[in-house]
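Below you'll find the structure, written out as structure tokens, and then a few comments.
The values are calculated or read from the model by the stated rules, or taken from the named source; none is laboratory data. Nothing here was measured: the structure is a model prediction, and the numbers come from that model. Quick reminder, even Gly has a Cβ in these numbers, built from the backbone with ideal geometry, and neighbours come from all protein chains shown. For accessibility, only protein heavy atoms count, side chains too; no ligands or nucleic acids. Shrake-Rupley method; radii C 1.70, N 1.55, O 1.52, S 1.80 Å.
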Amino acid sequence: MTSLVLFHFALFSTGIMATFKDQTESAGPPTELKRKWLDPITVELSWMKPGGLSHNGDVNYEFTVDKEVGKLRSQENTGIYITNLFTREMDSKNWTFQVWISNANQSLIKPATLNFSPMKQKAELVKNFKCFLNDRKLNCSWSPVDPSLNLTVRYRQCGTTDEQIKSVKTCEKPLSTGNQSHQCIMTCNKSEDRTCIFVETDNAVSSFKAPLAIDPPLLNVTVLDDDMLILTLTPPLQKLDCMTFEVCHSRCNVHKECRNTSQGFDTMNFTYDKACRYEFQAKTNFLKHCLNPALVSEMSATISYGVNADPYRILTIAAVFMSIILSVCIILLCYCFRKHREIFWPSIPDPSVIFKPMMNGNNDPLTPGGNLYTPVPEPIDACKIRLISENCINQYTS
């Protein structure tokens, strides 16, 4: 008896499914497509079940809106889909929404189409918009395209729930940072939650997901036991397990070498040579499993430790002193030669003084002229001659 009941139930279910399949294939497209803006980035799209379908059966819908493809199973007469749309991602002035009933036979698909525009006219109101991640806040900056416009900048966590839609906040009096740039600190529940931005005027809107960036780590170098350098990296977020750091260093002006820290580590060790100067830079890698897409910061400013010692310093100092001493000796030698030049280089008589008297008719060669050398007479004893008488001579000879 039980088997008979089950057989009849299966037969009945199969009949219903076959009937519903036939209804689905013969049904027309969904009708009464509508759109309703819940805020500048959230739209509610709705449609009615096509006529000819059973009111009790589930209907499988497929749809596309912008570049998004989705599916919905519903037994209600009205289908509803809520999503976030952004003007910066529009390819044209309007979005296109298409919805149809799923069917294995592609040739029988009959889509219904709805073209709709943004809540306000699409416009590019800001440029260079960038938000740096911090713990539970975003430090955002931008420049207005037209400084004369009165802009309202609002933000909230991306999503379509009532709680998210009602969590919208406004940047009150953004801080001006010069060069027509503005800054606003945006608070959020979690730093890794995506934040949606919509900038408005009375007649235009620009909406987009906040372009995220991350700061490089802060660097500090300490020495351990005179032979080890410890580089400590302070992350921009208190989520060390979501980050790695790429550290680049050079020593003694040698080619820079880069390597990554392990996930969850914020220190790196280097052997220390006191005769070398060490330079360090680093950047932050925020991993994809914590935030999609992953973020990579710019390189930090360079910090250094130690000085480069010159291996030829003593020789250089000796060469400098020897050059100074040699220069002093040359100066003194020149001074001595100049002071005693008459000894080393005596004056040579002018020949014109000698020949001038001869040319004037004075033929006496003994007449000294000009600056000729005149010998100094030497002192001699006077020679006295005394006459001897003849008697004295005879006496001497005898």
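One chain, two ends: residue 302 and residue 136. Fully extended at 0.36 nm per residue, the span grows by 56.9 nm beyond their Cα-Cα distance. Excluding same-chain neighbours fewer than eight residues apart, the lysines reachable from residue 137 by a Cα-Cα span under 26 Å are 127, 166, 169, 173, 190, 209, 239, 283, 288.
Packing, taken as the mean count of other beta carbons within 10 Å per residue, orders the peptides 255-264, 80-89, 167-176, 128-137 from highest to lowest as 80-89, 128-137, 167-176, 255-264.
Give me the base-10 log of I(q)/I(0) for the range 122-213 at each q in 0.23 Å⁻¹, Debye formula, one uniform scatterer per Cα, rounded to two decimals. Debye intensities relative to I(0), on a log10 scale: -1.25.
Between residue 342 and residue 75, the simple spin-label model (points 7 angstrom out along Cα→Cβ) gives 13.8 nm. Heavy-atom accessible area for residue 343, with the other protein chains in place and a 1.4 Å probe, reaches approximately 130 Å².
The string of couplings for the range 90-97 from the Karplus curve (6.51, -1.76, 1.60, θ = phi - 60°) is 6, 8, 9, 7, 9, 9, 10, 10 Hz, one whole number per residue in order, with x for Gly and Pro.
Rounded to the nearest 0.05, what FRET efficiency is calculated for residue 274 and residue 318 with R0 set to 22 Å and r the Cβ-Cβ distance? Could you put the intermediate results ahead of the total?
Numbers: r = 23 Å, r/R0 = 1.05.
Once the sixth-power term is evaluated, E becomes 0.45.
Nonpolar atom fraction for the range 122-213, defined as the carbon and sulfur part of the 1.4 Å probe accessible area, stands at 44 percent. Taking every alpha-carbon pair in the range 218-305 and binning the separations at 5 Å intervals from zero gives 3, 14, 26, 24, 16, 10, 6, 2, 1 percent. Solvent-accessible surface (1.4 Å probe) assigned to residue 334 amounts to roughly 80 Å². Residues whose amide H falls under 5 Å from that of residue 59, counting only those 5 or more places apart or on a different chain, are 74, 75, with hydrogens built in the peptide plane. Each label point was placed 7 Å from the Cα along the Cα-to-Cβ direction; for residue 124 and residue 332 their separation is 8.0 nm.
Annotation: residue 296 carries an accessible surface of approximately 90 Å², with a 1.4 Å probe and no ligand, DNA or RNA atoms counted. For the range 31-119, with all protein chains in place and a probe radius of 1.4 Å, 46% of the accessible heavy-atom surface sits on carbon or sulfur. Could you calculate the contour length gain from residue 220 to residue 254, that is, 0.36 nm times the residue separation minus the distance between their Cα atoms, to one decimal place in nm? Gain in length upon complete extension: 10.1 nm. Scanning residues 5 or more positions from residue 66 or on other chains, those with amide H under 5 Å from its amide H are 96, with H placed 1.01 Å from N in the peptide plane. On a per residue basis, the range 218-305 carries 56 Å² of accessible surface, using protein heavy atoms and a 1.4 Å probe.
Can you run the Rg to Rh ratio on the range 31-119? Use alpha carbon positions and the Kirkwood inverse-distance Rh. Walk me through the numbers on the way to the answer.
Values: Rg = 13.5 Å, Rh = 13.8 Å.
Radius of gyration relative to Kirkwood radius: 0.98.
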